[in-house]
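The values are calculated or read from the model by the stated rules, or taken from the named source; none is laboratory data. The model shown is predicted, which means the values in this text are computed figures rather than measured ones. Cβ coordinates were reconstructed from backbone atoms using ideal geometry, including for glycine residues, and neighbour counts include every protein chain displayed. Remember, those area values only see protein heavy atoms, side chains included, never the ligands or the DNA or RNA. Shrake-Rupley method; radii C 1.70, N 1.55, O 1.52, S 1.80 Å.
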Amino acid sequence: MLSRSSFTSLVVGVFAVYVAHTCWVMYGIVYTRPCPAAADGAAAGCVWPYLARRPKLQLSVYTTTRSSIGAESNIDLVLNVEDFDIESKFERTVNVSVPKKTRNNGTLYAFVFLHHAGILPWHDGKQVHIVSPLTTYMVPKPEEINLLTGESATQQIEAEKQTNALDEPISHWRSRLTLNVMAEDFVFDGSSLPADVHRYMKMVQLGKTVHYLPILFIDQLSNRVKDLMVINRSTTELPLTVSYDKISLGKLRFWIHMQDAVYSLQQFGFSEKDADEVKGIFVDTNLYFLALTFFVAAFHLLFDFLAFKNDISFWKKKRSMIGMSTKAVLWRCFSTVVIFLFLLDEQTSLLVLIPAGIGALIELWKVKKALKMTIRWQGLRPKFQFGAYNDSEKKTEEYDAQAMKYLSYLLYPLCIGGAGYSLLNVKYKSWYSWLINSFVNGVYAFGFLFMLPQLFVNYKMKSVAHLPWKAFTYKAFNTFIDDIFAFIITMPTSHRLACFRDDVVFLVYLYQRWLYPVDKSRVNEYGESYEEKSKKKAHRE
């Protein structure tokens, strides 16, 4: 069996290997080895860029309800850029006619052609094209109403919305279409073409040399949920913003891998909204800051694992509640469960929801340990039994109850008043949504007050030796990392502010650790003292 220190070292070692491997993979994506023969002017084995010949090009965007076209019938031209310059970026908004089939919960596709100027795309043998759906299916957001008056947020509900069940996905319009062309005159090695770029390449033989036509790319990561529009049956035209910018080979390969990663998440069950949170990290963030985010996220996972491991190890070996606030443990359990239900009700990203769910399960288990609870089954009916506290634990409970008594005078009126105010002035989807929001607002706004009983117990006992400091340390690192993620990942504002509140609480704990030096005669978190350990060790010798 591995010791705890050996297991931690193993995990850190695996983490270091993972980070090194990730850096190597990222380097392989950003850097592409050019054809070695190109430096000598040789053409054998090299794939040359067609754009180096500086052809006169034209950009055309068509729409159709079919995913493939073979002729110019049943398609509509929505944008035509006759004198298309690869180096010049632009953004244009056009009105797109919405066919009846699309309005009836159907799909509409955009076909983007890059071809020689003055020639129709299907008559040009050297044209390149790419297709992208302009619609996607999503469950519409439930309408919020005032629970007392029944007044809706929009006053009038369209007939189409009434006929659609809330859990039925309907067609939404993607109002943005972002195009890119790889503008580098890069010469590829024909024997080692990158697989990611290869599927976007079209080769032509010109004399004795092989050329690749312009690489056209549609940036799907820019399609955000916030830009989606519900397609109603009465809508005949919808706006489409078409933007273009050139792209480097390194960024193109990176973007292809990121799009494939988002697609894989959706195949594993992530919804459009969950995938949108991942898109936001890539699209709304500077590339250098994005690289920092990757490393920060990796360390966050490591500290999460080590914090959970040490927290579970601490409570697994815990035999006494001396110096530990039972009320604080119960409150942490209640607050984490309420926060999890709130995030679930708000349809928050799985990136936030899954760790919150795991934390709630751990807190429930800790309550069982703190209350010395045992569960015995009598048939299908569970029977709960609670253990007795010794004199020292009862003394801790007295301090705990004293702290909670003073807190209740302040906390309960504030929570009840806040719940009443929100019921009168804020719109909610249901009474359950109001209840969960009232609880979670109390948790976020005044939750730090429930951490005060533990601080009060520490003050009365003049000791912090009973606290799980290893787990606290890892959680502290994650708290500061959460401060960074609070600006990156979309989450409710109250949840974002709570990240900064935890910083203050941890600083108070650090102050108490400095204020109360370690007393080796006091029991530690495992119910043992340093002096008892020394006596046992001397006795064995």
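Data table
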| item | result |
| --- | --- |
| Rounded accessible area of R92 (nearest 10 Å², 1.4 Å probe) | 100 Å² |
| Built amide H within the under 5 Å cut-off of V96, gap 5+ | L238, L240 |
| Proximal charge balance of L213 [Cβ under 15 Å; K/R count +1, D/E count -1] | +3 |
| Residues with amide H under 5 Å from that of V230, placed H, sequence gap 5 or more | W173 |
| Share antiparallel - DSSP beta bridges, region 174-283, percent rounded to 5 | 55 percent |
| Ranked order, K429, K366, K309, K100 - accessible area, probe 1.4 Å, largest first | K100, K429, K309, K366 |
| ³J(HN,Hα), Karplus 6.51/-1.76/1.60, whole Hz, each residue of region 236-243, x for Gly, Pro | 9, 9, 9, x, 9, 9, 9, 10 |
